[in-house]
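The structure under discussion appears below in the form of structure tokens.
A short reminder: the numbers here are calculations on the coordinates, not readings from a lab. Only a predicted model underlies this, so the values are computations on that prediction, with no experimental measurement involved. All Cβ positions, even for glycine, are placed from backbone atoms using ideal geometry, and neighbour counts span all protein chains on display.
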Amino acid sequence: MARGIVYLVGAGPGDPGLITVKGLECIRKAEVLVYDRLASPRLLAHARPEAEKIYVGKSPDRHAMVQEEINQLLVDKAREGKVVTRLKGGDPFVFGRGGEEAERLVQNGLPFEVVPGITSAISVPAYAGIPVTHRGYTSTLAIITGNEDPDKEDSSIAWDKIATGAGTLVFLMGMGNLPGICARLMEFGRSPETPVALIRWGTRPEQRTLTGTLADIQAKALEASFKNPAVIVVGEVVKLRDQLAWFENRPLFGQRVVVTRSREQASALSSAIETLGGEPWEFPTIQIASPEDFAPLDRVISDVRSYRWVIFTSVNGVKMFFERMRINRKDIRDLSDVRVCAIGPRTRQELEQRGLVVDYVPGEYRAEEIIEGLRGKVLPGDRILLPRADIARKLLPQSLEEMGAVVHEVHAYRTILGDGDASAIREALANGEIQVVTFTSSSTVRNFVKLVGGEGLPALLEKVVVASIGPITSGTARELGLRVDVEAEEYTIDGLVQALLKHFNGRQDEASFKKI
């Protein structure tokens with residue numbers, strides 16, 4: 001019988017960008033993915049589509065599986081000859097019970113590897129602007145479980161030594177025992193005025209930080225209804241938060257933003273959101289596919305010298321057109337006497353990267369502006385090639401024909417329904433975990449409604465900011481019963497990001513940007 005292998009992987013504290021390179025490799029090659037409550041759902045998107053995903057999360061009041069069952073699950077799956085990735089929040093060996101899982105695998109003669117992760121003990125304070133060590137404050141650090149009852153008689157924590165034995169104390173999973181922890185530390189010599197920080201959902205959009213002292217932090221936590229999962233930091237280094245807080249001060253902090261573009265196109269918007277402190281959640285509602293028949297596109301490419309203009313309306317159109325040129329043994333020399341028009345700066349950039357000079361880019365990036373801009377440039381009888389999506393609006397070719405042009409519209413690609421996880425999006429919307437949904441085209445709206453929709457969709461989006469790239473997309477959203485809160489003034493990805501910044505910067509003093 002084939003033997004599998006188990007990778008015990010630290011998923012980091014919550015921000016999916018903090019996964020290690022090796023950890024990500026283990027997710028991608030897993031045949032079975034066993035994951036915890038604190039592992040980011042975005043990491044699961046890197047798994048193979050056919051991978052078996054098993055949730056074994058544990059919270060203080062509910063366990064999907066007890067630890068003994070998890071241990072046996074790893075053994076059973078490895079005995080089936082499977083590559084198993086056990087994805088654990090933080091680091092597997094820092095209060096992660098990874099040692100127990102490894103022991104069980106050894107007892108059963110099964111191979112395993114440990115892939116360390118970034119523990120929340122250091123990363124969560126860092127995201128709250130608190131360095132756990134600092135030459136001006138302390139050079140010692142202790143990491144302690146907060147899950148042990150500090151009042152039990154046989155405590156394994158040496159409170160008399162811990163209380164004053166290290167400059168910074170970090171307690172993990174300790175909110176339920178906060179009163180006892182504070183009492184024991186003060187009982188054994190720590191000053192009641194020692195600064196304390198509580199950091200909830202550290203490194204995620206929900207991150208909240210509450211500061212106080214050993215004497216008053218319990219009352220503050222009770223007043224703020226501060227709960228797990230949280231990291232407790234005790235020590236003078238907490239004072240540095242006022243100067244060093246960075247994560248919670250970024251302009252899109254606290255906003256989890258759904259990106260509905262295709263996977264191929266999502267990176268630009270996702271990157272911009274992440275840079276500004278938001279968390280992008282890619283939910284591809286569309287996929288870019290080849291046309292069902294390349295023959296029409298190949299025919300116009302073979303005769304491309306006969307056209308006066310080629311109008312490109314998207315980056316996808318450019319990519320597919322030039323891929324077919326390559327296949328048909330054509331290159332840019334065939335376009336030497338053809339004038340080129342591009343809708344939008346990214347389409348222009350894509351063309352210029354291929355060695356073409358773009359003759360015309362409209363001031364506004366939509367068909368109506370192209371039509372106005374080409375009046376006087378397009379003469380009766382001019383042949384115009386329009387390679388674009390199969391579902392594009394008919395306004396552009398119809399208007400060009402009214403000018404007397406001979407328009408050949410050809411499908412360079414198809415836009416089909418995406419493969420995003422609709423059930424995960426619906427659940428996240430229902431739980432209030434999503435703050436913004438973005439739409440970058442009418443097709444993203446239509447497909448979002450198809451995938452996520454139903455009678456309850458407007459209610460799911462009631463407290464969510466709906467952002468549109470422009471009036472055409474907004475019109476489609478409203479026709480389908482959706483409210484539009486934000487509309488880009490410039491109909492580009494950069495324009496959409498700027499519109500979101502403007503929307504949220506005007507609300508910085510309101511609840512969504514308040515720090516506890």
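Summary of computed values
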| item | result |
| --- | --- |
| Furthest towards positive pole of dipole, LEU269, PHE226, THR194, structure part segment 142-289, Cβ charges | LEU269 |
| Overall form of segment 122-248 per C-alpha gyration tensor (a/c, 1.5; a/b vs b/c) | oblate |
| Helix 178-187 vs. the chain, principal-axis angle (Cα, 0 to 90°, nearest 10) | 40 |
| At R0 = 51 Å, FRET efficiency that the Cβ-Cβ distance of ASP494 and SER139 yields, to 0.05 | 0.65 |
| Efficiency of FRET between GLU369 and ASP419 - r from beta-carbon atoms, R0 35 angstrom, step 0.05 | 0.60 |
| Net length gained if the chain between ASP154 and GLU193 were fully extended (0.36 nm per residue, minus Cα distance) | 11.2 nm |
| Structure-derived Rg and Dmax of the Cα atoms in Å: which label, when the choices are (1) 28.2, 94; (2) 22.8, 72; (3) 24.0, 73 | (1) |
| Net charge dipole size for segment 289-417 [Lys, Arg +1 and Asp, Glu -1 on Cβ; Debye, nearest 20] | 300 |
| Distance in nm between pseudo-label sites at VAL106 and ALA459 (7 Å out along the Cβ direction from Cα) | 5.4 |
| For the chain, with +1 on Lys and Arg beta carbons and -1 on Asp and Glu, the positive-most of LEU374, GLY456, LEU73 along the dipole | LEU374 |
| Anisotropy class of segment 289-417 from Cα gyration tensor, a/c 1.5 cut | rounded |
| Table column - 3J(HN,Hα) (Hz), segment 126-142, Karplus curve with 6.51, -1.76, 1.60, x for Gly and Pro | 4, 5, 9, x, 10, x, 6, 10, 6, 4, x, 10, 7, 10, 10, 9, 10 |
| Ranked packing of 3-16, 230-243, most packed first, by mean Cβ within 10 Å | 3-16, 230-243 |
| About the Cα centre, charge dipole magnitude for segment 1-154 (Lys/Arg +1, Asp/Glu -1 at Cβ), debye | 720 |
| Mean Cβ neighbour count within 10 Å, used as a protection proxy, ranking 274-281, 437-444, 471-478 highest first | 437-444, 274-281, 471-478 |
| Three-way shape call for segment 5-118 based on the alpha-carbon gyration tensor, with the a/c threshold at 1.5 | rounded |
| Antiparallel DSSP beta bridges within segment 289-417, as percent of all bridges there, nearest 5 | 5 |
| Size of electric dipole in the chain: Cβ of Lys, Arg +1 and of Asp, Glu -1, about Cα centre, debye, nearest 20 | 860 |
| Across LYS394/LYS450; LYS161/LYS220; LYS53/LYS77, pairs whose alpha-carbon gap is larger than 19 Å | LYS394/LYS450; LYS161/LYS220 |
| Inter-label distance for ARG333 and ARG354, nm, one decimal - labels placed 7 Å from Cα along Cα-to-Cβ | 1.7 |
